[in-house]
Amino acid sequence: MASYDSARDCFVVRVVYDGPGFAGKTTNLQRICDQVPVSKRSEMYTPAALKGRTMFFDWLEVDGPKQGGRTLKFQLISVPGQIERNYRRRPLVEMADVVVFVCDSSPPQVNDTLRTFARLRTSMKARQTPVPLVVQANKQDVEGALSPKQIRKRLGLEEETPVVSANAAGGRGVQETLRTAVRLGVRSFNEAGQVFELPAEFANADALFDHVLSFEDAPRDEGPVEVEELNVNAEYSSLEEEAMMAHMAASSIDALESRARRAANSRSEEDSDAKEP
Ligand SMILES: Nc1nc2c(ncn2[C@@H]2O[C@H](COP(=O)(O)OP(=O)(O)O)[C@@H](O)[C@H]2O)c(=O)[nH]1
Ligand SMILES: [Mg+2]
């Protein structure tokens, strides 16, 4: 489904790029920036990126085809990949009109890809309306990379789910992935029969950042991931440790963030105590 932005008199379709950390989500958006003329897109916006890592999301808007005389805009939002940031990712997936799942096809990362996909499946199932999915088999240039066919098998994809072969860093497959997502987005837009006003929190990147910050204070109830969906082979289990190490670095950032927040809260409590008569 799409939204209608009355402020700009256009329809908006949200394409959310999900996938494990380092799979190439940000790279996809960067290449789209390189390949789409400035007149047909916004600037890319990445709030609070930390050492090149996406902490919250990347945001880019691209003009699509006209629909009934009105412009159709595609909001491309890539989510943070680290497992620890699932609570930041899930609400974005819930609001997607189309989901692109970017896979790291290199063998040592397959476990991480499967685990992240299981989480995505769980989030997609929790939605009230189904959402079209495109899978990108990225990093095909890496030696021994799983082919798109193997990715389809490992992820247990339905036949109708498109899998696009890509080397996003080299700019290959990025446009095709976007075109496929746009096609599915336009189709579901035409089938939906009704369009709602664009929620204020998705009006622009700043509003979305404010919205996403509000999750920080919400309880982090992740819900269980369905175990049978994990389908992680024992042959890869030694690699789990490696993935955990990578995630440890990310969680220490989380710990720092929450310590800073606690300190700020206790300071403001002290301030208000001091003001008591
Ligand atoms: N070899 C290879 N590296 C890639 C490819 N796509 C992205 N990368 C690299 O993978 C790293 C992580 O990419 P990034 O877009 O930041 O991943 P994200 O965490 O999913 O946003 C960067 O160093 C990219 O240059 C690819 O197709 N092949
Ligand atoms: Mg990123």
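Cβ-to-Cβ counts within 10 Å put 114, 178, 213 in ascending order as 213, 114, 178, the fewest first. Charges on Cβ only, +1 for Lys and Arg, -1 for Asp and Glu, centred on the Cα centroid of the stretch 109-149; of 137, 120, 148, which one is farthest towards the dipole's positive end? Of the listed residues, the answer is 120. For the set 25/66; 125/153; 73/153; 40/125; 25/149; 25/153, the pairs lying more than 24 angstrom apart at their alpha carbons are 25/66; 73/153; 40/125.
Rg/Rh for the stretch 3-230 (Cα atoms only, Rh after Kirkwood) is 0.94. For 39, 123, the sequence from fewest to most other C-beta atoms within 10 Å is 39, 123. Toward the positive end of the charge dipole of the stretch 3-230, with +1 on the Cβ of Lys and Arg and -1 on the Cβ of Asp and Glu, the farthest Cα among 45, 166, 189 is that of 166. For 149, 139, the sequence from fewest to most other C-beta atoms within 10 Å is 149, 139.
How would you classify the stretch 64-149 from its alpha-carbon gyration tensor, with a ≥ b ≥ c the square roots of the eigenvalues: rounded for a/c under 1.5, else prolate if a/b is greater than b/c, otherwise oblate? Oblate is the answer for the stretch 64-149, as a/c is 1.5 or above yet b/c matches or exceeds a/b. Near the amide H of residue 136, within less than 5 Å, lie the amide hydrogens of 101, 102, 103, 164, all on another chain or at least 5 residues away, with H placed in the peptide plane.
Readers should treat all values here as calculations from the given coordinates under stated rules, not as data from a laboratory. Here the structure is a predicted model, which is why all the values come from computation and not from measurement. Heads up, the Cβs are rebuilt from the backbone with ideal geometry, glycines too, and the neighbour counts pull from every protein chain shown.
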